[in-house]
Amino acid sequence: MIFLSLSTMFEKAVYPALEELQQPLSQEQLRILKDQLNSEEPTPSAQTKFNYAWGLIKSNHHKQQEYGVQILTELYKSEKSMRREVLYYLSLGSLKIGDYTNAKRYVEALLEIEPENQQARGLLKTIDDKITTEGLIGIGIAGGALAVGLGLIGALVRKNRK
């Protein structure tokens, strides 16, 4: 019961960019971004790749989200001029796919570049809250499993005594 109230508490403190991420593009909108990328082959612009990756991380499909993060990772390595935007969306995308370690690492790297960035600070707080929530849920699950295991062992011991 305590986990439900903590989870609800964190959900109410939703970071605005996460709300935007929860609104996936339509298949038609995503197709337009992909068509633009394909039309620029063999060397699509960094902005076109970024736009497509942004559309992918907004998706409700985990594989598309992961692919969006992969594209952003490649952009981070190749486009020094886009590092700020890429780090921010890498953090959002990583958070969305449940990769909290990298989400935190990316937003902290952004804060090294821009220590006063309130958007990044808010995102870091959201990530930390999510890590705390997931950790508490994990402890609850582990505690429950331990209790069940101890109960079974106790029942077996009592059965063997008889």
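The values are calculated or read from the model by the stated rules, or taken from the named source; none is laboratory data. Just so you know, these numbers come straight off a predicted model, no measurement behind them. We place every Cβ from the backbone using ideal geometry, glycine too, and count neighbours over all the protein chains shown. For the accessible areas, the whole protein counts, side chains as well, though only heavy atoms, and no ligand, DNA or RNA atoms are used. Shrake-Rupley method; radii C 1.70, N 1.55, O 1.52, S 1.80 Å.
Considering only residues of the range 77-96 that are farther than 16 Å from LEU18 by Cβ and of a type in the set (Lys, Arg), which is surrounded by the fewest Cβ atoms within 10 Å (Cβ to Cβ)? So, considering only residues that are farther than 16 Å from LEU18 by Cβ and of a type in the set (Lys, Arg), the one surrounded by the fewest Cβ atoms within 10 Å (Cβ to Cβ) is LYS80. Working only within the range 88-97, note down all residues that are over 16 Å from LEU75 (Cα atoms) and either hydroxyl-bearing (Ser, Thr, Tyr) or in contact with a Lys or Arg (Cβ under 9 Å, 6 or more places away or on another chain) (or both). Once the filter is applied, which keeps residues that are over 16 Å from LEU75 (Cα atoms) and either hydroxyl-bearing (Ser, Thr, Tyr) or in contact with a Lys or Arg (Cβ under 9 Å, 6 or more places away or on another chain) (or both), the range 88-97 yields LEU95, LYS96.
Residue pairs whose Cβ atoms lie under 7 Å apart, sitting 6 or more positions apart in sequence or on different chains, and linking a residue in the range 76-92 that is in contact (Cβ under 8 Å) with a residue 24 or more places away in the chain to a partner that is part of a helix (DSSP H, G or I) and open to solvent by 50 Å² or more (accessible area, probe 1.4 Å), are ARG83/TYR76; ARG84/ILE113; VAL86/TYR76; LEU87/TYR76; TYR89/TRP54. Taking the range 106-131 as the range and being open to solvent by 20 Å² or more (accessible area, probe 1.4 Å), part of a helix (DSSP H, G or I) and closer than 14 Å to LEU87 by Cα as the test, the residues that pass are TYR106, GLU108, ALA109, LEU111, GLU112, ILE113, GLN119, ARG121, LEU124.
As for the range 1-20, it holds no residue that is open to solvent by 80 Å² or more (accessible area, probe 1.4 Å) and modelled with pLDDT of 95 or more. Please verify whether the range 97-105 includes one or more residues that are in contact with a helix residue (DSSP H, G or I) (Cβ under 6 Å, 6 or more places away or on another chain), open to solvent by less than 70 Å² (accessible area, probe 1.4 Å), β-branched (Val, Ile, Thr) and more than 21 Å from GLN36 (Cα to Cα). Yes, the range 97-105 contains a residue that is in contact with a helix residue (DSSP H, G or I) (Cβ under 6 Å, 6 or more places away or on another chain), open to solvent by less than 70 Å² (accessible area, probe 1.4 Å), β-branched (Val, Ile, Thr) and more than 21 Å from GLN36 (Cα to Cα). When the range 42-76 is filtered for residues that are surrounded by 20 or more Cβ atoms within 10 Å (Cβ to Cβ) and assigned to a loop (DSSP other than H, G, I, E, B), only LYS58 remains. Of all the residues in the range 35-44, those that are touching a helix residue (DSSP H, G or I) at 6+ places or on another chain (Cβ under 9 Å) and farther than 15 Å from TYR67 by Cβ number 3.
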